[in-house]
Amino acid sequence: MVAGAPGLGGHSRRIIAVGGGKGGIGKSMVSANLGVALAQSGKRVLLVDADLGGANLHTCLGVGQPEVTLSDFLRKGKAKLEEVMVPTGVPGLDLIAGAQDSLDAANLKYAQKQKLLRTLLAQQSVDYLILDLGAGTSFNTLDFFLLADHGVLVVLPEPTSVENAYRFVKAAFFRKLQQVEEQYGIEDVVERAMSTREGALRTLHDVVAQVRKRDAVKAERLSLELGQFHVRLVVNQARTDADLKVGAAMVSAWKKFFGIDMDDLGAIRYDDEAWRAVRKRRPVLMERPESLASQGLQRLAARILAIDGLPSGPSTP
């Protein structure tokens with residue numbers, strides 16, 4: 001993850017990327033309502049629909065098909081993100097809608113991706129920038145996830161979703177290794193780590209130990225850098241008390257078998273009000289703020305604000 005930005009009191013922003021191992025797990029619902037919750041707490045929030053192959057975040061917010069989208073910024077010469085922002089009707093919350101006009105939108109060219117990454121990092125006009133990512137482990141998706149201060153991974157309490165979540169985290173970790181391999185001169189170590197052969201390096205500690213054999217100083221620097229790789233887990237549609245414990249079990253297993261820290265941000269209860277709100281094209285936080293799903297989403301926002309050392313209540317003028 002990106003090193004933490006200065007406190008928001010000095011007007012720097014945090015980036016939240018919401019990803020998942022497969023589609024249909026509620027990423028866009030989480031992204032939209034997290035944006036609403038943070039805006040309701042008095043923060044300025046920009047939602048970016050970075051699901052480049054299946055953009056639908058505007059629908060979750062009840063916003064009609066926008067006249068300008070991310071495509072206009074990437075392909076049609078718009079120089080600033082502000083030129084493609086549209087209001088959502090929620091005070092403090094703006095949206096950049098996803099590309100709608102091209103079947104190959106998900107396959108950004110390298111220069112386009114670099115332009116977007118640079119612009120996102122430079123964005124200082126908001127307190128929180130939320131990226132709603134596409135499902136899966138394409139390099140574009142992983143690079144946006146690794147850009148974030150908070151990489152939020154949504155998972156359902158189901159075996160296939162849990163397995164896909166583990167694959168996503170492992171792919172993101174290996175992508176992080178690829179990003180730094182040239183800097184540390186460890187291309188061969190990374191190749192071994194990514195190998196499926198018996199004897200391949202399996203954990204963060206394996207990789208660092210291999211580098212330490214060559215250069216203890218580089219190994220220490222690498223350990224600190226990889227230590228910033230920190231995934232924050234959200235369990236969506238929890239129906240039972242056992243479902244509520246899935247996040248903690250995943251965090252424990254990942255630490256034990258892969259040596260990487262993961263945060264359990266809690267669970268969002270399954271709630272008929274959530275899908276009713278989706279069908280109405282309304283954020284559940286706006287449609288049914290007292291519902292179980294809304295309470296879980298509000299707790300999620302409060303946890304992120306707490307991590308950033310910020311109050312969770314509305315700001316005072």
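The values are calculated or read from the model by the stated rules, or taken from the named source; none is laboratory data. Predicted model only: the values in this text are computed from it and were never measured. Backbone-built Cβ (ideal geometry, glycine too); neighbour counts: all protein chains shown. All accessible areas refer to the heavy atoms of the entire protein, side chains included, with ligands and DNA or RNA removed. Shrake-Rupley method; radii C 1.70, N 1.55, O 1.52, S 1.80 Å.
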Answer yes or no as to whether Ser252 is closer than 27 Å to Asp308 by Cα and either open to solvent by 50 Å² or more (accessible area, probe 1.4 Å) or touching a residue at least 40 places away in the same chain (Cβ under 8 Å) (or both). yes
Of the residues that make up segment 137-156, is at least one among the charged types (D, E, K, R) and touching a strand residue (DSSP E or B) at 6+ places or on another chain (Cβ under 6 Å)? yes
Confirm whether Leu142 is surrounded by fewer than 22 Cβ atoms within 10 Å (Cβ to Cβ), touching a Lys or Arg at 6+ places or on another chain (Cβ under 7 Å) and over 18 Å from Ser28 (Cβ atoms). no
Expected single match for over 16 Å from Ser161 (Cβ atoms), open to solvent by 10 Å² or more (accessible area, probe 1.4 Å) and of a type outside the set (Ser, Thr, Tyr) among Phe229, Phe257 is Phe257
Pairs, first part of a helix (DSSP H, G or I) and open to solvent by 40 Å² or more (accessible area, probe 1.4 Å) in segment 299-317, second of a type in the set (A, V, I, L, M) and modelled with pLDDT of 90 or more, C-beta under 7 Å, six or more apart: Arg303/Leu265
Kindly list the number of the only condition in (1) under 23 Å from Tyr110 (Cα atoms); (2) in contact (Cβ under 8 Å) with a residue 24 or more places away in the chain that fails for Ser161. (1)
Go over the candidates Ala219, Ala293, Ala242 one by one and state the one that is open to solvent by less than 40 Å² (accessible area, probe 1.4 Å) and farther than 24 Å from Ala148 by Cβ. Ala219
When restricted to Val162, Val152, Val180, the only residue aliphatic (A, V, I, L, M), at pLDDT 90 or above and open to solvent by 20 Å² or more (accessible area, probe 1.4 Å) is Val162
Count of segment 65-92 residues which are over 23 Å from the mean Cα position of the chain (by Cα), open to solvent by 50 Å² or more (accessible area, probe 1.4 Å) and modelled with pLDDT under 85: 7
Given (1) of a type in the set (A, V, I, L, M); (2) out of contact with any helix residue (DSSP H, G or I) (no Cβ under 9 Å at 6 or more places or on another chain); (3) not in a helix (DSSP H, G or I), number of the condition Leu265 does not satisfy: (2)
Kindly provide the set of residues from segment 131-150 that are among the acidic types (Asp, Glu) and in contact with a Ser or Thr (Cβ under 7 Å, 6 or more places away or on another chain), ordered by number. Asp132
Scan segment 171-190 and report the pairs whose first residue is over 15 Å from Phe229 (Cβ atoms) and touching a residue at least 60 places away in the same chain (Cβ under 8 Å) and whose second residue is of a type in the set (S, T, N, Q) and open to solvent by 30 Å² or more (accessible area, probe 1.4 Å), with Cβ atoms within less than 7 Å and a gap of 6+ or a chain change. none
Hey, Glu273 on the phi < 0 side of the Ramachandran plot, part of a loop (DSSP other than H, G, I, E, B), open to solvent by 20 Å² or more (accessible area, probe 1.4 Å) and charged (D, E, K, R) or not: no
